[in-house]
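What follows is a short report on a single structure.
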Amino acid sequence: MESSFGISDSQCLATVRGHVLRNGQKEPRLLSLLERSGQFKLDILANPEAIVLSPVPQLSIPINNNFQIVREAEEALLIDISINSTIRIRLQGERTPELLLELQDDIHTQSFLQHVTKAKQQAEKRSSLPRKMEPVVPVPVKDCVPVPPQRGTIKSTSNNINNSTLVKPSKTDSAISMATDFGFEEKKNQQNRIVAQREPPPPPLPPLPPRKGTYTPSTNHTAGPTTKERPPSAQNSTPVRNEFQSVDRSSSWSDSPSNYTMRQAMMSSHTGSREGLLKYRLGKKEKEYVDIKNFRFFIGTWNVNGQSPDSSLEPWLCCDPHPPDVYALGFQELDLSTEAFFYMDSSKEQLWVDAVERSLHPKARYIQVRIIRLVGMMLVVYVNKEHKHHIREVASESVGTGLMNKMGNKGGVAVRFVFHNTSFCFVNCHLAAHVDDYERRNQDYKDICARMSFHLLEYPPLSIVKHDVVIWLGDLNYRLCFPDAGEVKRLIDDKELRRLQECDQLNIQRKTKRAFTDFMEGEINFIPTYKYDAKSDRWDSSGKCRVPAWCDRILWRGNSVKQLHYRSHMKLKTSDHKPVSSLFSIGVKMVIEQRYKKVFEEIVRDMDRMENDFLPSLSLTRREFTFENVKFRQLQRQSFLITNDGQVPCTFAFIPKLNDSQYCKPWLRAEPSEGVLDPNETMEIFLEVYVSKDSVTLLNSGEDKIEDILVLHLDRGKDYFITVAGNYLPSCFGTSLETLCHMKKPIREIPITKLIDLEKCQINFLLDSAGAEDKPLKIPKEVWLLVNHLYTKACQQEDLFQTPGLQDELQSIIDCVDTSIPESIPGSNHSVAEALLIFLEALPEPVLCYELYQRCLECSHDSRLCKQLISQLPRAHRNLFRYLMAFLRELLKRSIDNNLNANLLATLFASLLVRPPPNLASKQTSHDRQKSSDFILGFLMGGDED
C-alpha cells in the first residue's frame, strides 16, 4: 500500500483521525502508522485540517518494547443528544509523555488499532530493542506518474475493498464493511465557555457546483433560512461533521511552536503545491484521457414500519434478468422501539441485512462496500466482486434533522466512493411527516445538503453536490394536495395518475425551486406506495384514513445517467409502504493509461517552463468588509472576487496569523478557503458571519467583537490582508441567568456598558429605578414568556419537544424576546418549544451549576439528596429549575395528547440542565449520562414540594 504522504522510503499502513484530550479540551490530531525497513513508528500530526502532500509530524513515537497502548473501558453509549460515539486510548512511548486520545468508534478506528497491535507484537518478538526511527522527511519525487485525479477525491488507493467479506447469494452471514478506507470523520462537542466553536450557519440551497475557478455571479448575499446547529451522531452511524468546520482556538494550540511554522512549511512546500497543481490541471483535461463505459446500478428504498422481514426480498431485488453492478438499498423506520431511539444497537438491523444478502441477484457475487444506520434509517451498498479493485475512497456520514438536529428519527445517511474515475454519492433520507409540513420537509432537505460532508485525507470536506453522480432515495414524505382520500382512490382506479401528480407536493416544490431543484426524477407509472394496511394491498382503513401518496422516491443528478426502470413492488406486504426501485445505466469514466501518460507529460513540460519564467499574482475586488447588526443564529454573507492576473496558475489559501491555530475567529468563515486559479480565471469568495451558541457568550459580554483580519496566502507569491469589522446586537440567548434576572427591560434596550458590568462583575446592580422594584426577577422574563406560551397553548400539542421548529420562526422568536416583552410569541408551538431548548443550551452556566455536577451524579438515586442539592443552587438557578420541572409535570399529565413520556423528557432536559463542567466534558460516560437522566426523572415522577 502506497503512502498517501508522498514519502518515498516509508509505507503508511493505517491512518485515523481523532482528538488529544488535554486540560478538559479537545485538539484535533491525525495518527499515522508508518513502516520503514521492518521498523514501525506512530506519527501524530497536530493540524490534520492543514494536510498537504508532505506534512510534518508533530510527534513521532517509535513502536518498540517501551511503547504502550491501552484502550480505556467504557460502557455502551446511550444515544443522548450530547453524545459522541467514541473510544479513548492511552499512548506512551520512549521519551514521550502519556497521551489520552479520543477516536471515533467505527470501522476505521478498529482497523487502525489492529494494525498498531500487530506492529507492537512484531516489535516485541525482536531479541533486542530496535533503534529509534529517524523523522520522516518528504523527498520530492520527479518523473513519476500519479494516479489520475477525480473531482473531489483523493489519490490514495489504500482504501479499496479488497478485504471485504464476500457475500454469496445463498449465505446468511453478513458481509463486513471495509476496514482500510480513508473515510475520516470527527466531531466536536465542547462547552460554551471553553472555546467558541463554529457551528453550521444556514447556507441557501446548494446550487450546481461550478467548475473550479469559474466565476458564477451571486444574486443573493443576504441571510438565508437558518440551519439548525449540528447534532451529535446517533447510533451505529458515522459521526456527522458539518461543512462549516468547527474551530478550536485553544491556548495550547496557540502556544505550540510547531503550529504556525508547520502550516507555513506545508503552504510553501514547492513539491506539495506542484503536485496539487498537477492534479488540478489533469482534472481540467480529463476528457482527453478517459472513455465512458456503462454500468448497471440498482437503487431501492423501503419504509418497513418497524417490521421484521417475513418473506424473501427477491421480488424487489431480483426483478431483472441481468445482475446489477452495484446495489444501493435504503431503509426507513427499520426499528421503532425505544431501544433503537435511545441506544446504540438494534436487533432488526442484522435481520434485514441477512434478508437482503439472501436475495441479491443469483447470477453474481457481491461484497458489502459500506453500511450506515442512524436510528431507523439504514443504507447498505454492495458491489459485484468483479469490480472490487476499482472501488476506493469510501466514506459515510449521517445528519439528524429531528428536534434541535439532535434526534435522529428524521434526517439522512449517505455513502460515497469513487468507481474507476467517477465519484458517486448515495443519500437515503426520512423527511418530516404530516401532510401540511412540506416546508419542514424542504428544510430537512436543505439541512442535509448543508451539513452532510465527507472527510478525506488530502482534500477539504466534500459536500453532496461535489460528486459526479448523486442518487437521492428514501421516504421523502411529500404528500398529495388532495384532502379527499376517496377522490384520490377513484382517480387511481381510473388510472388518472398524471392528474394526481400535478398535486404532488414534491413536484410542486421542485417546479417552484424550493427543494431538489437540481435533481431529476423519472416518470411515475406505478400507483402510490403509501399507505396500506399491513400485510395487505388494501388502502389504509384506520380511523385516520390516510390519503394515498408517493412518499417513497428516487431522484438523481449528474451526467451520463439513464433510468431504465422506475417501479414499485406490490408483492411485498410486510409494511404499510411498498418498496420502490430504480435501475440505472450510468456512464463511468475509465482512464486510458496511454492517453493519460501523454497528457501528464505535456502538463509537466508546460509547468516547468512557466515556473521558470513567471511568478503568480492575484487581484482582489475588495479588502474591507463591514457586517452590520450581527445577530445570534442569523447568517450574513458578503463576497469579493479574486482574479489570477498573472501568467501562471496560482494556488491560494487563507492561513492562520502568527500564533493562531485557525485562519479566522469562530464566528467567521471563508468559502472556499483554498483553491487553484488558471491565468485570467476569476473566483467568488464568500465571507460568512454566523454567531452560534458557542460564540454568543463572548460577544454578549464584550470579550469578543466582530473584528478580524484574514491572511490570503498565495503560494510562491505574497500575502493579501482582508479586514472584517461590524457591530453585534446582544441577545438574551447566551447571557447568564443572573444577568437576565437583573434586567426588567429587553436586552436590546440595556446599554452595553451595563451589560458588560453585570457579566464581568456579577454585581447586584438593578437597571430600573429604586424602591420596591429593586428586587431581581425570580426567573428570566424570557423563559417565562416561552414557557407560559407553551403552558397555555401547547400542552396538548402532538409530538411536542419531538418535532423541530421552522428556522424563520425561530429567528422571529429570538428577535421578539430580545427586543420586546410581547403579549404573545410568534410562530408555531414546535418553534417555541425548540426556542426554549436553544435558550437552555446556550446558557454559559447550566441551570444545575458546574460545581454541583458531580454531586448530582452521586445523589441521583436518592430523591431526598437531590432536593437538598437543588436547595443549594444560586437563587436564579434554583427558581428556574423548579419552574421547569413544574411545567414538565404538567405536560406529562396530558401525555395521551402530546405523546410525551417521562423518560423522553428526562433524557432531553438532562442533557441541557445537567451538563458536565469543561474539565469533565471529555470524560463523561454513558453511566454518567444515565445518572443525569435519573436525576431529572426523579423530579418528574416525584415532584419537588419545597
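Within the same chain, lysines fewer than 8 places from Lys744 are excluded, and of the rest, those with a Cα less than 26 Å from its Cα are Lys631, Lys693, Lys705, Lys754, Lys760, Lys775, Lys778, Lys781, Lys793. When only the Cβ of Lys, Arg, Asp and Glu is charged (+1, +1, -1, -1), the dipole of the stretch 470-598 relative to its Cα centre reaches about 620 debye. Based on the Stokes-Einstein relation at 25 °C and a viscosity of 0.890 mPa s, and on the Kirkwood radius from alpha carbon pairs, the stretch 786-941 is assigned a translational diffusion coefficient of 151 µm²/s.
Against the empirical 2.2 N^0.38 Å (N residues), the stretch 288-593 has a Cα radius of gyration ratio of 0.96. A cut-off of 5 Å between modelled amide H atoms, ignoring neighbours fewer than 5 places along the same chain, links Ile63 with Phe40, Lys41, Leu42. Here the spin labels are modelled as points 7 Å beyond Cα on the Cα-Cβ line, and at Gln501 and Asp608 they lie 5.8 nm apart.
The protection proxy used here, the mean number of other Cβ atoms lying within 10 Å of each residue, ranks peptides 827-834, 410-417 as follows, highest first: 410-417, 827-834.
For a 24 Å ceiling on Cα separation, which of these pairs sit above it: Lys598/Lys718; Lys489/Lys535; Lys26/Lys657; Lys348/Lys893; Lys285/Lys589? The answer is Lys598/Lys718; Lys348/Lys893. How many percent of Cα pairs in the stretch 432-558 exceed 25 Å? Pairs farther apart than 25 Å: 32 percent. Shown in residue order for the stretch 749-755 are the 3J(HN,Hα) couplings computed by the Karplus curve 6.51 cos²θ - 1.76 cosθ + 1.60 at θ = phi - 60°: 8, 8, x, 4, 5, 6, 4 Hz (x for Gly and Pro). 3J(HN,Hα) along the stretch 863-876: 4, 5, 5, 4, 5, 4, 5, 4, 5, 8, 5, x, 3, 5 Hz, from the Karplus curve 6.51 cos²θ - 1.76 cosθ + 1.60 with θ = phi - 60°, whole Hz, x for Gly and Pro. Highest mean first, the peptides 878-886, 554-562 sorted by other C-beta atoms within 10 Å per residue fall in the order 878-886, 554-562. What separates the Cα centres of the stretch 539-581 and the stretch 464-530 is a distance of 10 Å. Residues whose amide H comes within less than 5 Å of that of Arg22, counting only those at least five positions distant or on another chain, are Glu27 (H built at 1.01 Å from N in the peptide plane). Starting from the Cα of Asn680, move 7 Å in the Cα-to-Cβ direction to define the label point; list residues of the stretch 718-739 whose amide nitrogen is under 19 Å from there. Of the residues in the stretch 718-739, none has backbone N under 19 Å from the label point off Asn680. Distance distribution P(r), the stretch 618-728, all Cα-Cα pairs, bin width 10 angstrom from 0: 13, 45, 29, 11, 2 percent. With θ taken as phi - 60° and the Karplus curve 6.51 cos²θ - 1.76 cosθ + 1.60 applied, the whole-hertz 3J(HN,Hα) list for the stretch 893-906 is 5, 10, 5, 4, 8, 9, 6, 8, 9, 5, 5, 5, 5, 5 Hz, x standing for glycine and proline. Cα extents for the stretch 766-871 along the principal axes, largest to smallest and rounded to whole angstrom: 45, 41, 24.
Read-outs: derived from the displayed coordinates by stated rules, not from any lab. Given the structure is predicted, the values throughout are model-derived calculations rather than measurements. Please note: Cβ atoms are built from the backbone with ideal geometry, for glycine as well, and neighbour counts cover all protein chains shown.
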